[in-house]
Structure formats: structure tokens, C-alpha cells
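Peer 1: My questions will all concern the structure given below.
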Amino acid sequence: MRTLEEIGVVTRNLRGCYRPGMLLVSLFKNVAIGQLVSVTSHQYLNDLDSQMNAVVHVGILEHGIVTYMAKAGDSSCISVLTEVGSQMEAYCSALGKVMLAGLSLEQLDEFLREGRFVALTERTITDVASLRAEIARVREQGYAVNDREISQSVYCIGVPIRDLRGKTIAAISIADTPVHVGRQPEDNVRQAFLSTASSISRKIFQSNSAGRAP
């Protein structure tokens, strides 16, 4: 099993159980990437929670909606309560913006064309042209911000989790009150999450990057 883990056939979670790894994911399309990201990221999320003392999420994009795949931290301090498996609109969340920025231009056009963008707060971006510009900015800078767009008391920073080709497969974010986040320099928070996202990606794709096969 250790050899299979090293070459990416399986991945081991914290309880010592094994699940299909990215090598199998690439061979069998019915293995959900979201579940693999979930079991791989738990320890990293706990570490970030301890470091930041905030709510940390990992999510994927499903049919234009964010699905939360993993979570750490107590969300009672913020007004938006989230659970693993619950969903959130992509256009107004940091996780969603990051993953929308990872879509092709054609896929993004389809999302913007079919979406119904409702204002959850006065800061929610609902205009298609403005939302397109926001996604372009996220794509350029490599991270996304939700500044009270879902709730007046929630501020989020999200960064992508990418595969070996640079394609966004998931995203990781911090959610907290604007006051609390403001006490920690945003650049430091962003760099910590970018580093964690890279670690999760390396953990998932470690076998592929070594160029080995079973």
C-alpha cells in the first residue's frame, strides 16, 4: 500500500484508510476529484485554522455552484453558516470567483449568459460586465476577495488549487469578519493560503510529478 501511495494509485487519509489516487482518477472518470481533494486537505485546513483562527474551506465548482468539500474552524463567529456538502453561489464568493477564473472563456461566457445574479448585499456584483471584469482581475492576480458580498459581516480570500497543467480543480479560502481579517495583513494571509494550496496539489499529484507509473 505504501508503494501504491507513492506512485499515486491510492491516497491515505488521517484515519489510515485508503482512497483512489490521481493516477486512478486519470484512468477512471467516475472517481470524484472533489472527494480526493477533501480527504487530502483536512490536515492542511486544520493547520490553517490553528494559524489564522478563522473558518477555512475547500470547495469545487459543480454546475456553476460552489460545493464545500472540506471545512475547519468554528463558523458561529460569522453570519454565514456552512457545512460540508452545502452549496453557495459562485459569483459572490471568493471560492467561486477563483474557480470561475479557471474556466475557459467559452465556459465563462456560458456561465454569465445563463446566470441569474441576485444581490445578497449592496456590495454584491450583479452586472454581467462588472462581473466579467472582476473575474478577469482574479485571473490576473491569482486570488479572489469576497468583501461583504454575501453578508455584511463576512470577508473572504480565496486561492486556486491547480493540477500539474495549471488547471484549477478546486479552491481554498478563509472566511472571517472584516475586522478580524484586517488585523492580519492580507498579503500574509494570501501567501499562507497559496502555500497551502501548493502543498495540497503536490500531495495529490506527487506520483505524476515524479513521472512514475505502476
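The values are calculated or read from the model by the stated rules, or taken from the named source; none is laboratory data. This one's a predicted model, so the numbers in the text were calculated from it and none came from an experiment. All Cβ positions, glycine included, derive from the backbone under ideal geometry; neighbour counts span all protein chains shown. Ligands, DNA and RNA are excluded from the accessible area calculation, which covers all protein heavy atoms including side chains. Shrake-Rupley method; radii C 1.70, N 1.55, O 1.52, S 1.80 Å.
Peer 1: Conditions first: (1) among the hydrophobic types (A, V, I, L, M, F, W, C); (2) touching a residue at least 60 places away in the same chain (Cβ under 8 Å); (3) open to solvent by 30 Å² or more (accessible area, probe 1.4 Å). I174 passes all but one, so which condition is the exception?
Peer 2: For I174, the failing item is (3).
Peer 1: Among the residues of segment 136-191, what is the count of those that are closer than 22 Å to T121 by Cβ and β-branched (V, I, T)?
Peer 2: The qualifying residues number 10.
Peer 1: Okay, next question. Given the options E110, E106, E122, E140, name the one that is without any contact (Cβ under 8 Å) to a residue 40 or more places away in the chain, within 18 Å of V154 (Cβ to Cβ) and acidic (D, E).
Peer 2: The conditions single out E122.
Peer 1: Can you name the residue in segment 183-214 that is small (G, A, S) and modelled with pLDDT under 85 and, of all such residues, is farthest from the chain's Cα centre (by Cα)?
Peer 2: Out of the qualifying residues, it is A213.
Peer 1: Further, regarding this structure: Identify all residues within segment 60-87 that are in contact with a helix residue (DSSP H, G or I) (Cβ under 7 Å, 6 or more places away or on another chain) and within 16 Å of E149 (Cβ to Cβ); write none if there are none.
Peer 2: Correct list: V66, T82.
Peer 1: Here are E149, E89: which of them is at negative phi, acidic (D, E) and in contact with a Lys or Arg (Cβ under 6 Å, 6 or more places away or on another chain)?
Peer 2: That would be E149, the only listed residue that is at negative phi, acidic (D, E) and in contact with a Lys or Arg (Cβ under 6 Å, 6 or more places away or on another chain).
Peer 1: Only one residue in L95, L112, L131 is closer than 20 Å to V189 by Cβ and either part of a helix (DSSP H, G or I) or not basic (K, R) (or both). Which one?
Peer 2: L95
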